[in-house]
Amino acid sequence: MLNVIKIAGRNLARYHRRTLLTSILIVIGMVGVLLFIAVTGSFKTMMIGQFTDSVLGHLEVHRKGYVASIDNLPLNLNMGAGAAARVREALDGTSEVATWSPRLKLGAMFSNFTETTSIRLNGIDPAKEAATLPLLAGRIVEGATGGPLVDRGQILIPQLLARGMKVKVGDTVVLVATNRDGSVNGKTFVVKGVLESITGPGGRDGYVHYDDARELLRLPEAEVSEFAVRLKNPDQLARVNGLLKERLGSNRGPQGAPLLEVHTWADLSPFANLARMIDLMTVFIKVVLVAIVLISVMNVMVMAVYERIREIGTIAAIGTPPRRILALFLAEGLLLGVAGTIVGTLLSLAAIYALNLMHLTFSFGQQQDLLLAPVIGSGDVAAIAAVVIVVSVLASLQPAWKASRMDPIVALRHV
Amino acid sequence: MSLVEATGLAKSYRVGSVEVPAIKGVDFAIEAGSFVSFVGPSGSGKSTLLNMIGCLDHPSSGTLKVLGTDIASLDRRGAARFRGEHIGFVFQDFNLIPVLTAYENIEYPLIMVQGWAPDKRRQRVLQLLDAVGMADQAGKRPDQLSGGQKQRIAVARALATNAQLVLADEPTANLDHETAYRIIDLMKKMRDGFGTSFVFSTHDPKIMAEAEVTFVLEDGRIREQAGEVAHA
């Protein structure tokens, strides 16, 4: 086989311009695909990380119907203390869950004593919220970032609200909330920090201590609107989602309907559609690569067979078995694919390295100066390389088959 | 048993709806170790006969046995295997593989056809390079060799696999007279040295005279046989 590859290599070198051109096409295709995967993959991973690590968590557990009405933050669809305890038990009993954080969500009127506007709030356990959303503290653009996210009597407000209401860190503000019975309750808070707003659900919410939220809503028991859940390994999202749905499915209401529901970040964020679009584009780009390799390799191999008909006749006449002739031409396609893959991979890695050195930034929604840090996994490189090599061999198959089936007499007479 | 034995051998080709006879029922025998030529004008059927003897083509009727094998019984793969094991070819245009050196061209059938071990291969190639007087040109590619040198390498390649029969279709047609004689002389020496039978076609009367047995073909028939059939 080594000798077949050696001869194949020399045949490619014989038509060096054509070989070079085909290899360049394969290299361009490889570089295009790997760069696209690296850049969009980095963008996707970063954006998903922003959502899961600073707003949503990987999973959320709600009372049935809460998500459908989440724009209204319905107090009557909170989990009672009993249901919340059962969720805690299920989460603690799931080894794949790293941490979880209970939230009491509410809508309130926000006043700076001069103007009033509305605000969406999360009542949180600061320690659990910080553990579940490790990037949340990083969104604090004004105010102290050390210590707990919020203490009793403090509030984190979104940047847009701070600007609009001209509120600074340390200012006192008033929150007024309508309670479940229709009565109204108010409480003063000191602004502890200003949060960078991010696109998507929950990206412009404020944060107060859970006990303050409960006090503001005058809730007699420790109700929970949602549990944000962080997984040890985000790749297990689908499996843990199914597992929790199964474990929490036994909690049913009086009519036997499920009482609780579990959603992944993708169910809750519109960015999931953008991520799916990126995946679709990646597939499309891969198809283009396959087409480039297929057409260019097939073209060069068809030409190679056509130009070497007499040579094929000679090697067939002296007794070369048809399978060896087939192998000879397949080896040429294989070498083209391998050479293009090696050079394409090296150039792609160099380009990705260069992009990382350039520290390119971009904006997404309200977020500015997001650092583009393209990375490519060895699995992606291996998969693309395998596709290119396999397609190169497949593209050579028809010309190689034709060569191996050639009648030696006809081939020897070819002019 | 003769090396090649033809009885009532005929071959015709279909050109459109017309059947064109190329060989019209010939009988002949070629003995092992002989030096044979088929001569005749263009279109007399020399190449067709050589193609059939070389298992590159099948007879339309009659029988043709090469080394006792009825070549009509061989399928495409079987014919390729048979050629690889028993028959060597020398072509008018030399037909060396341009990307390989002289050494590698001789080595080619040993690798691709018979799969010899490297040491044995090297020994055989060096022996043949020496035998055809090309040991000092081993590293050159065909485009660096003269016509005569190319044909010497082609003869060595034909002999590489210990073929019992070498078929040469107009091996001297593209060579000047002096070189042509040298090639015929070389082929004779190889026959003497390796015991291989050589069958070649030519339309050159002077070259024809070098053969020990000559079959004169005319219009698809053997008009005349000259010389003694040597028995091995």
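Quick note: the coordinates plus some simple rules give every number you see, no bench work behind them. All of these numbers come straight from a predicted model, not from anything done at the bench. Cβ sites come from the backbone with ideal geometry, for glycine too, and all protein chains shown count toward neighbours.
Report the charge-dipole magnitude of the range A:65-258 in Debye, nearest 20, computed about the Cα centre from +1 at each Lys and Arg Cβ and -1 at each Asp and Glu Cβ. Before the final figure, lay out the partial values.
On the way: 23 positive and 21 negative charges, 35 e Å.
The calculated dipole for the range A:65-258 is roughly 160 debye.
So what is the 222 nm mean residue ellipticity for chain A from helices alone, if each DSSP H run of at least 4 adds -39500 (n - 2.57) and you divide by all residues, rounding to the nearest 500 deg cm²/dmol?
Estimated from H runs of four or more residues: -17000 deg cm²/dmol.
Over the whole of A:309-317, what's the average partner chain Cβ count within 10 Å per residue? Rounded to a whole number, please.
Other-chain Cβ atoms within 10 Å of each residue's Cβ, averaged: 5.
Going toward the positive end of the dipole of chain A, with +1 on Lys and Arg Cβ and -1 on Asp and Glu Cβ, which of A:V290, A:G313, A:V141 do you reach last?
A:G313
Take the alpha-carbon centre of the range A:53-85, take the same for the range B:101-131, and report the distance between them in whole Å.
After rounding, the separation between the Cα centres reads 80 Å.
Would you mind listing how long the protein assembly as shown runs along its three principal axes, going by Cα atoms, in whole Å with the largest first?
Here the Cα extents, ordered largest to smallest, are 129, 54, 47 Å.
What residues qualify as long-range amide H neighbours of B:G88, i.e. H under 5 Å apart, gap of 5 or more or another chain, H built at 1.01 Å from N?
Amide H neighbours of B:G88: B:L165, B:V166, B:L167.
Taking the simple approach of a point 7 Å from Cα along Cα-to-Cβ for both A:R163 and B:Q225, what is their distance in nm?
10.7
Based on alpha-carbon centroids, what's the gap between the range A:218-233 and the range A:267-299 in Å, whole number please?
Cα centroid of the range A:218-233 versus Cα centroid of the range A:267-299: 39 Å apart.
Give the average, rounded to an integer, of partner chain Cβ atoms located within 10 angstrom of each Cβ in A:320-330. Each step should come with its number before you reach the end.
Numbers: counts 8, 7, 3, 2, 6, 2, 0, 1, 1, 0, 0.
Other-chain Cβ atoms within 10 Å of each residue's Cβ, averaged: 3.
Taking the Cα atoms of chain B, what is the range of coordinates along each of the three principal axes, in descending order and whole Å?
Sorted largest first, the three principal extents are 49, 40, 38 Å.
Where does the Debye-calculated log10 I(q)/I(0) of the range A:286-415 sit at q = 0.12, 0.18, 0.20, 0.21 Å⁻¹, using only Cα point scatterers of equal weight, no solvent?
For the range A:286-415 at q = 0.12, 0.18, 0.20, 0.21 Å⁻¹, log10 I(q)/I(0) is -0.60, -0.94, -1.04, -1.09.
Please identify every one of the trypsin sites (Lys or Arg not before Pro) in the range B:136-187 that sits in a loop by DSSP and has no more than 16 other beta carbons within 10 Å of its own beta carbon. Before the final figure, lay out each step's value.
Details: sites: B:K140, B:K150, B:R152, B:R157, B:R182; in loops: B:K140.
Within the range B:136-187, the qualifying trypsin sites (Lys or Arg not before Pro) (loop, at most 16 other Cβ atoms within 10 Å) are B:K140.
What is the distance in Å between the Cα centroid of the range B:11-50 and that of the range A:336-350?
54
Would you grab the residues whose amide H sits under 5 Å from the one on A:A98? Only those 5+ places off in sequence or on another chain, please, with H modelled 1.01 Å from N.
For A:A98, the qualifying residues are A:R230, A:L231, A:K232.
Across peptide A:405-414, how many C-beta atoms of other chains are within 10 Å of each residue C-beta, on average?
Working: counts 1, 0, 3, 10, 6, 1, 0, 9, 1, 0.
For peptide A:405-414, the averaged partner shielding equals 3.
Name the residue farthest towards the positive end of the dipole of the range A:31-131 from the options A:T99, A:I48, A:P74, assuming +1 on Cβ of Lys and Arg, -1 on Cβ of Asp and Glu, about the Cα centre.
Toward the positive end, the furthest listed residue is A:P74.
Only Lys, Arg, Asp and Glu count, each charged at its Cβ (+1, +1, -1, -1), so figure out the dipole size of the range A:278-337 about its Cα centre, rounded to 20 debye.
Values: 5 positive and 4 negative charges, 40 e Å.
Here the size comes out at about 200 debye.
Mean Kyte-Doolittle of at least -1.0 and a Cα length of 27 Å or more along the axis: which whole DSSP H helices of chain A meet both?
Once both thresholds are applied, what remains is A:16-51, A:271-307, A:322-358, A:378-404.
Given labels modelled 7 Å from the Cα in the Cβ direction, how far is it in nm from B:R81 to B:Y181?
So the label points at B:R81 and B:Y181 sit 4.5 nm apart.
Once amide H atoms are placed 1.01 Å from N in the peptide plane, what residues at a sequence separation of 5 or more from B:D93, or on another chain, have their amide H within under 5 Å of its amide H?
Counting only residues 5 or more places away or on other chains, the set is empty.
Could you work out the relative contact order of chain B? I mean the mean sequence separation of Cα pairs under 8 Å and 6+ apart, divided by the number of residues, in percent.
The normalised contact order for chain B reaches 30 percent.
Under a straight-distance cross-link criterion of Cα-Cα below 27 Å, which lysines are reachable from A:K232, leaving out those fewer than 8 residues away in the same chain?
A:K44, A:K64, A:K105, A:K128, A:K245
Over chain A, what relative contact order in percent results from Cα pairs under 8 Å that are six or more residues apart? Show your work: numbers first, answer last.
Numbers: 714 pairs, mean separation 106.4, N = 415.
It comes to 26 percent, rounded to a whole number.
Just to check I understand the Karplus step: with θ = phi - 60° and J = 6.51 cos²θ - 1.76 cosθ + 1.60, what whole-Hz values come out for the range A:183-192, glycine and proline as x?
Going residue by residue, I get 6, 10, 9, x, 7, 8, 9, 9, 5, 8 Hz, with x marking Gly and Pro.
Highest mean first, what order results for A:332-339, B:142-149, A:139-146 on Cβ atoms within 10 Å?
Working: A:332-339: 23.9, B:142-149: 15.8, A:139-146: 14.2.
In decreasing order of mean packing, A:332-339, B:142-149, A:139-146 become A:332-339, B:142-149, A:139-146.
Give me the number: length gained by fully extending A:V184 to A:R18, i.e. 0.36 nm times residue separation minus the C-alpha to C-alpha distance, one decimal in nm.
Gain on extension, A:V184 to A:R18, equals 51.7 nm.
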